[in-house]
Amino acid sequence: MNATATPAPARRRRNPISMAIAVLVAILVLLILIMMWWWDKEPEQFDPVTVTTAHMKDIGRPLSTGAVTTYTLIRSVDTLLDKRGGYLSNDKLPPGVFMDNMPNWEFGSLVASRDLARSLRNDFSRSQTQSTEDKDLGEADPLLNSPNDRWLLPSSESQYAKATDDLEKYLSRLSDAEDANAHFYARADNLADYLQTVSARLGSLSQRLSASVGQLKVDAAPNADVGANTGPAKAVYVKTPWNKIDDNFYEARGYTWTLLEQLKAIRHDFAPILRSKNADASLQQVIRELEESQKALGSPVVLNGSPFGFFANHSLVMANYISRANAAIIDLRGLLGRG
């Protein structure tokens, strides 16, 4: 008896629409990944004196005292807006919404720009505390302090662009001999006040970076009177969560990138007072440490190895450079305070 052959099961037909959708999704994901890789690039450093000299030539103004510092601030803010991918901190769509390294870099850079704008408004542009503040700097300062993640109108980018416009107006008046109502006072006390803010920022960043491996912090009792028996100091264990380690690292990278440019500009505008105080070497030491902090990362991710372990700890390396720069700034402030 011949056995009846069982027919082979019919192959399922693939839906061409489903295949097309799958291919489009794969292409879209690949494009997003490529854009994320392309945008995740820190901007190149620039030479403040060179770019300022070229800019002043373009607008037909002389290179007056304070011009390099002011234009460096403008150029730093423009870099936030015009770098690869533009400004990412307020993105609500892919690929920007999936990125966190560059937004943290942007925030660190923005903090440094805000500090310099505040010093320009309150110190560098005024001969004394009773002097009237500059009108354009008075407009630029609050604009730079707009929220960094605002996407609704007015967006963060538009506010920062308006701030650079006001800074350009101040720069133009500063270098106009016929309209000498803008001033820049390159004095030791003004510079020391600015450096005090910088020192506080660096100290905070150093502590946050060092907490990547955990550390015991000993805090005295708050509001304790001098000489009072406040009991034993409390030791608190502080450790950065694993998902915040790269955030702190790139914020520090952004702050030190912008600070490095600012100090190079200050080296030019405050050259006479630095020489008179024998403070050139101290400022150069700060610049050297900050330059070391900007070296390229030799790893695709921020490593967080133990302090003496097999793998590197990039946060501790960055904290080391920042601490050394801060120590040099403290020495610099001491030199500026001497008669």
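The values are calculated or read from the model by the stated rules, or taken from the named source; none is laboratory data. Computed from a predicted structure; not experimentally measured. FYI the Cβ positions are ideal-geometry reconstructions off the backbone, even for glycines, and counts take in every protein chain you see. Side chains included, ligands, DNA and RNA excluded: accessible areas come from the protein's heavy atoms. Shrake-Rupley method; radii C 1.70, N 1.55, O 1.52, S 1.80 Å.
How far is it, in nm, from the label point at residue 338 to the one at residue 58 when both lie 7 Å from their Cα along the line to the Cβ?
4.2 nm
What FRET efficiency, computed as 1/(1 + (r/R0)^6) with R0 = 35 Å and r the Cβ-Cβ distance, is obtained for residue 18 and residue 98, rounded to the nearest 0.05?
Efficiency, rounded to the nearest 0.05: 0.85.
Please tell me which of these pairs span more than 31 angstrom C-alpha to C-alpha: 234/277; 135/264; 41/244?
Violating the 31 Å Cα-Cα cut-off are 234/277.
I want the local charge near residue 284. Using Cβ-Cβ distances under 11 Å, sum +1 for each Lys or Arg and -1 for each Asp or Glu among the other residues.
Its environment carries a net charge of 0.
Could you report the chain's accessible area per residue, 1.4 Å probe, as an integer in Å²?
56 Å²
Report relative contact order for the chain in percent, whole number only (criteria: Cα-Cα under 8 Å, sequence separation at least 6).
RCO, the chain: 20 percent.
Can you tally the net charge around residue 185? Count Lys and Arg as +1, Asp and Glu as -1, for every other residue whose Cβ sits under 14 Å from the Cβ of residue 185.
Residues near residue 185 contribute -3 overall.
Which helices pass in the chain if a helix is a full DSSP H run, must span at least 24 angstrom along its long axis by Cα, and must have mean Kyte-Doolittle hydropathy not below -0.5?
Taking the DSSP H segments of the chain (at least 24 Å long, mean hydropathy at least -0.5), we get 16-39, 101-119, 188-210, 314-337.
What nm distance separates the two modelled labels at residue 153 and residue 183, each placed 7 Å from Cα along Cα→Cβ?
Using points 7 Å along Cα→Cβ, the separation is 4.0 nm.
Among residues other than residue 107 whose Cβ falls under 12 Å from its Cβ, what is the net charge (Lys/Arg +1, Asp/Glu -1)?
For residues surrounding residue 107, the net value is -3.
For the chain, what Kirkwood radius comes out of the mean inverse Cα-Cα distance, in Å?
23.0 Å
For residue 57, which aspartates and glutamates qualify as cross-link partners when the Cα separation must be under 15 Å and same-chain residues fewer than eight apart are set aside?
Counting by Cα, and skipping residues close in sequence, residue 57 has these aspartates and glutamates nearby: 168, 176.
Putting +1 on Lys and Arg Cβ atoms and -1 on Asp and Glu Cβ atoms, find which of 119, 148, 52 reaches farthest to the positive end of the dipole of the range 49-159.
52
Of the peptides 98-105, 274-281, how do they stack up when ordered by the mean number of other Cβ atoms within 10 Å, highest first?
Answer by packing, highest mean first, reads 98-105, 274-281.
What order, most packed first, do the peptides 33-42, 69-78, 156-165 have when packing is the mean number of other Cβ atoms within 10 Å of each residue?
Ranking, from highest mean packing down: 69-78, 156-165, 33-42.
Can you work out the FRET efficiency for the pair residue 133 and residue 242, with r the C-beta to C-beta distance and R0 = 35 Å, to the nearest 0.05?
Efficiency computed from Cβ-Cβ geometry: 0.20.
What's the carbon and sulfur percent of the chain's accessible surface, probe 1.4 angstrom, rounded to a whole number?
About 56 percent, which is the carbon plus sulfur part of the accessible surface.
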